[in-house]
Amino acid sequence: MPAIDDTRPFVPVNIAILTVSDTRTLETDKSGDTLVERLRTAGHELADRDIVTDDVDAIVGRLDPWIQNDAIDAVISTGGTGLTGRDVTPEAFLSVFEKEIEGFGELFRWISFQKIGTSTIQSRAVAGVTRGTYLFALPGSTGACRDAWDDILVHQLDFRYRPCNFVEIMPRLREHELHGRGS
């Protein structure tokens, strides 16, 4: 049964929060605030926080320095995952992924379905990894951010969570760079 293994030490993860929005500011960013509060309550570190417009180049332009920064282990974004013409967060994230974590979006929508029914079909939440940095793109609602954190990320970003978690494989995420691709 999945559970926290108290014999293992807690390992704080350095997480950057990115809000994708044409209208939100740090003062009005409730979804970003929700993520910051939850990651801090869990014992993780807020590595950085920013807001960018719904624009692929702006999103990638913010992600790239964070991906290159070895002090940032994960980026969680909120916003821009819907179906409108301005919703381009998944396209930006997919363009930088080395590997997509397909199960994240599937699991998020399954959890969301239990709460909002078929409306979850409009979510294009995605996750992946690049240069050893986990990247998670969540919808812009505070409810979606709570669901993703409380039901997925709080567990997967906890080294003590068994039977497995994202933190325990972090040291191996860049091994392809050491051994060459396909080796």
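The values are calculated or read from the model by the stated rules, or taken from the named source; none is laboratory data. Source: prediction; values computed, not measured. Cβ coordinates were reconstructed from backbone atoms using ideal geometry, including for glycine residues, and neighbour counts include every protein chain displayed.
Do we find a residue being aliphatic (A, V, I, L, M), modelled with pLDDT under 95, over 21 Å from Thr41 (Cβ atoms) and part of a helix (DSSP H, G or I) anywhere in segment 165-177?
no
Among the residues of segment 85-107, are any on the phi < 0 side of the Ramachandran plot and modelled with pLDDT under 95?
Yes, segment 85-107 contains a residue that is on the phi < 0 side of the Ramachandran plot and modelled with pLDDT under 95.
Return only the number of the condition from (1) closer than 22 Å to Val36 by Cβ; (2) assigned to a helix (DSSP H, G or I) that Phe159 does not satisfy.
In the conditions (1) closer than 22 Å to Val36 by Cβ; (2) assigned to a helix (DSSP H, G or I), Phe159 misses (2) alone.
Of the conditions (1) aliphatic (A, V, I, L, M); (2) surrounded by 15 or more Cβ atoms within 10 Å (Cβ to Cβ); (3) farther than 28 Å from Pro171 by Cβ, Leu83 clears all except one; give me its number.
(2)
Taking the condition out of contact with any helix residue (DSSP H, G or I) (no Cβ under 9 Å at 6 or more places or on another chain) and either of a type in the set (D, E, K, R) or in a loop (DSSP other than H, G, I, E, B) (or both), does Arg109 pass?
In short, no.
In segment 126-183, what count of residues is obtained for those that are exposed (fewer than 13 other Cβ atoms within 10 Å of the Cβ) and more than 25 Å from Asp6 (Cβ to Cβ)?
Residues in segment 126-183 being exposed (fewer than 13 other Cβ atoms within 10 Å of the Cβ) and more than 25 Å from Asp6 (Cβ to Cβ): 8 in total.
Please find, among Val36, Val52, Val75, Val56, the residue that is modelled with pLDDT of 95 or more, within 13 Å of the chain's Cα centre (by Cα) and farther than 24 Å from Arg174 by Cα.
Exactly one of Val36, Val52, Val75, Val56 is modelled with pLDDT of 95 or more, within 13 Å of the chain's Cα centre (by Cα) and farther than 24 Å from Arg174 by Cα, namely Val36.
Tell me the residue from Glu100, Glu175 that is more than 28 Å from Leu26 (Cβ to Cβ) and either out of contact with any strand residue (DSSP E or B) (no Cβ under 6 Å at 6 or more places or on another chain) or touching a residue at least 40 places away in the same chain (Cβ under 8 Å) (or both), please.
Glu175
Could you count how many residues in segment 126-153 are touching a Lys or Arg at 6+ places or on another chain (Cβ under 7 Å) and more than 13 Å from Ser31 (Cβ to Cβ)?
Residues meeting the conditions: 4.
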